[in-house]
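Asks: Take this structure first; my questions come after.
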Amino acid sequence: MRILVSNDDGVYSPGLHALARVARKFGSVRIVAPDVEQSAMSHAITIRRPLHYVRTQVDGNVAYRVDGTPADCVALGAHHWDRVDLVLTGINLGLNIGHNIWHSGTVAAAKQASFLGIPAIAFSAPFDFSLAAEEQELDYDAIESHIERVIEVFLETQGMPLLNVNFPEGKPQDILWTRMSVRNYEGSVIPSEDPMGRKHYWFAETPRERVEEGTDRWAIEQGYVSLTPLRLNLTDDDRLTELRSASAGPGFSGS
Ligand code: MN
């Protein structure tokens, strides 16, 4: 099996190499990842300039460093390597649950694979952003067996195009199927000042309100690995049915 591994934290991220380590148990692995951090780039693609990559060594393993977005990396990786069977992205430094799924470069890289008809899994784990990566213990050994199990479950489940996986703090209890938590958006902009006295702004998020049972956030809080199957079709089918069956306005025809 050919497995392409990518992320949005950049080619040197410890999470990327932990994921590649597990992936090697399933087949041959190629790492194609952004040269610098591309978190929260979502599904951006590079269209006004060409892309370049450099073959490099990280921890004794070959990796391809791309001057592009996470989605670019997967597109380029799949272009250069015939018949990729599976794309794995992450392990992201920080959870990608709820509305963060929309912002995430990690999820978008997996989504890019789905666009190309390659099944993909995005992995994310908690990360304390108040500390540098080298100051905190990123114990990927504790979740490696769960990553392995998730990949096995994914491969056994026929036809699943895209799976979003998030790990809880510490050793997980078990894996659990969940749905994306949706709540009112809590992103806000905080104004401040730079050392020269110029105004600048920080994008920030305020704490959540309540946690709904069965969601990704709920599973994480209960100590489970959250597995959310995602789809590429964003159509709101219930509303579409409602709109079609309601008396159609001028220019619309019901069906
Ligand atoms: Mn990231």
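Asks: Working carefully through the options GLY60, GLY77, find the one that is more than 16 Å from the ligand (Cβ to nearest atom) and without any contact (Cβ under 8 Å) to a residue 40 or more places away in the chain.
Replies: None of the other options fit; the residue is GLY60.
Asks: Shifting gears a bit: Within region 1-28, how many residues turn out to be open to solvent by 10 Å² or more (accessible area, probe 1.4 Å) and either farther than 14 Å from ASP82 by Cα or part of a loop (DSSP other than H, G, I, E, B) (or both)?
Replies: The qualifying residues number 10.
Asks: Conditions: (1) in contact with a helix residue (DSSP H, G or I) (Cβ under 7 Å, 6 or more places away or on another chain); (2) closer than 30 Å to ARG183 by Cα; (3) open to solvent by less than 60 Å² (accessible area, probe 1.4 Å); (4) modelled with pLDDT of 95 or more. ILE31 meets all but one. Number of the miss?
Replies: (2)
Asks: Next question, about the same structure. Taking region 44-56 only, how many residues are away from the ligand (no atom under 14 Å from the Cβ) and either open to solvent by less than 50 Å² (accessible area, probe 1.4 Å) or out of contact with any helix residue (DSSP H, G or I) (no Cβ under 7 Å at 6 or more places or on another chain) (or both)?
Replies: 9
Asks: Right, another one. Sort out which residues of region 160-216 are of a type in the set (A, V, I, L, M, F, W, C) and in a strand (DSSP E or B), and write them in order of number.
Replies: LEU162, LEU163, VAL165, ILE175, LEU176, TRP177, VAL189, ILE190, TRP202, PHE203, ALA204
Asks: Can I ask one more? Just give me the residues in region 214-235 being surrounded by 10 or more Cβ atoms within 10 Å (Cβ to Cβ), out of contact with any helix residue (DSSP H, G or I) (no Cβ under 7 Å at 6 or more places or on another chain) and either farther than 15 Å from LEU95 by Cα or not aromatic (Phe, Trp, Tyr) (or both), in sequence order.
Replies: Within region 214-235, GLY214, THR215, ASP216, ARG217, ALA219, ILE220, GLU221, GLN222, GLY223, PRO229, LEU230, ARG231 meet the criteria.
Asks: Among the residues of region 121-129, is any assigned to a loop (DSSP other than H, G, I, E, B), of a type in the set (A, V, I, L, M, F, W, C) and either over 25 Å from ALA219 (Cβ atoms) or away from the ligand (no atom under 13 Å from the Cβ) (or both)?
Replies: No: zero hits.
Asks: A further question on this structure: Just to be sure before I move on: is ALA40 open to solvent by 50 Å² or more (accessible area, probe 1.4 Å), within 13 Å of the ligand (Cβ to nearest atom) and hydrophobic (A, V, I, L, M, F, W, C) in the structure I sent?
Replies: In short, yes.
Asks: Related question: Across region 129-139, what is the number of residues that are open to solvent by less than 70 Å² (accessible area, probe 1.4 Å) and either within 19 Å of the chain's Cα centre (by Cα) or modelled with pLDDT of 80 or more (or both)?
Replies: Looking only at that region, the number is 3.
Asks: Here is a list: ALA113, ALA142, ALA109. Which entry is in a helix (DSSP H, G or I) and surrounded by fewer than 16 Cβ atoms within 10 Å (Cβ to Cβ)?
Replies: Of ALA113, ALA142, ALA109, the one residue that is in a helix (DSSP H, G or I) and surrounded by fewer than 16 Cβ atoms within 10 Å (Cβ to Cβ) is ALA142.
Asks: Here's another thing I want to ask about it. What number of residues within region 213-241 are of a type in the set (Asp, Glu) and closer than 18 Å to THR178 by Cα?
Replies: 3
Asks: Same structure again: Can you report the number of residues in region 158-181 which are loosely packed, with under 12 Cβ neighbours inside 10 Å and under 24 Å from GLN112 (Cβ atoms)?
Replies: 2
Asks: Separate question: What number goes with the only condition from (1) more than 20 Å from ARG217 (Cβ to Cβ); (2) open to solvent by 30 Å² or more (accessible area, probe 1.4 Å); (3) part of a loop (DSSP other than H, G, I, E, B); (4) in contact (Cβ under 8 Å) with a residue 40 or more places away in the chain that ILE118 does not pass?
Replies: Unmet condition: (2).
The values are calculated or read from the model by the stated rules, or taken from the named source; none is laboratory data. Note that the structure is predicted; figures quoted are calculated from it, not measured. Virtual Cβ from ideal backbone geometry, glycine too; neighbours counted across all protein chains shown. Note: accessible area is taken over every heavy atom of the protein model, side chains too, but ligands, DNA and RNA are not part of it. Shrake-Rupley method; radii C 1.70, N 1.55, O 1.52, S 1.80 Å.
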